[in-house]
Amino acid sequence: EEKKVRPQDKWDAKAGLVPKTYKVNEKVAEEFRAVCKSKGIAMGTQITKMMKEFIDQSNKE
């Protein structure tokens, strides 16, 4: 059975985006979601920013 490729899937692949699943504390995740929503920031964008900052910080050590 061939999976249908959506336009969004093509855009994601071109942009280098991949879905990931992580287990995190529910309360923290809900609070993060609410804060991102109130600031008008996509959660994925903010998570990527925090990951890059952590990587940069770790590489300086």
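What to note about this one:
- Neighbours of VAL5, meaning other residues whose beta-carbon lies under 14 angstrom from its beta-carbon, give a summed charge of +1 when Lys and Arg score +1 and Asp and Glu score -1.
- [x] 1.04; [y] 1.46; [z] 1.11, with the label sought being that of the calculated Cα Rg over 2.2 N^0.38 Å: [y]
- Members of LYS3/LYS39; LYS10/LYS52; LYS14/LYS37; LYS4/LYS39 lying beyond 32 Å, as alpha-carbon distances in this model show: LYS3/LYS39; LYS4/LYS39
Read-outs: derived from the displayed coordinates by stated rules, not from any lab. Keep in mind the model is a prediction, meaning the values are calculated, not measured. Cβ sites come from the backbone with ideal geometry, for glycine too, and all protein chains shown count toward neighbours.
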